[in-house]
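One structure below.
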Amino acid sequence: MTWFDEEMAALTAIARQLGVPVAVHTGAADGCKQAVRCGARSLEHA
């Protein structure tokens, strides 16, 4: 699945408000960069 930056940012912002960490399952360099940029706390299988 591909996420738009706006979707990923909204997801991580809501998770942050709820105190829930976000883990992203990705192996693609662009997906890793996007997740880190948007505030993901963990990259799985990167």
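The values are calculated or read from the model by the stated rules, or taken from the named source; none is laboratory data. Computed from a predicted model, the values in this text were never measured in an experiment. Cβ sites come from the backbone with ideal geometry, for glycine too, and all protein chains shown count toward neighbours.
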Determine which member of the set Ala9, Ala15 is assigned to a helix (DSSP H, G or I) and modelled with pLDDT of 95 or more. Ala15
Somewhere in segment 35-45, is a residue charged (D, E, K, R) and loosely packed, with under 12 Cβ neighbours inside 10 Å? yes
State all residues of segment 1-18 that are within 11 Å of Ala40 (Cβ to Cβ) and either among the β-branched types (Val, Ile, Thr) or in contact with a helix residue (DSSP H, G or I) (Cβ under 9 Å, 6 or more places away or on another chain) (or both); if no residue qualifies, say none. Trp3, Met8, Ala9, Leu11, Thr12
Evaluate segment 6-19: report whether one residue or more is surrounded by 11 or more Cβ atoms within 10 Å (Cβ to Cβ), of a type in the set (Asp, Glu) and within 10 Å of the chain's Cα centre (by Cα). yes
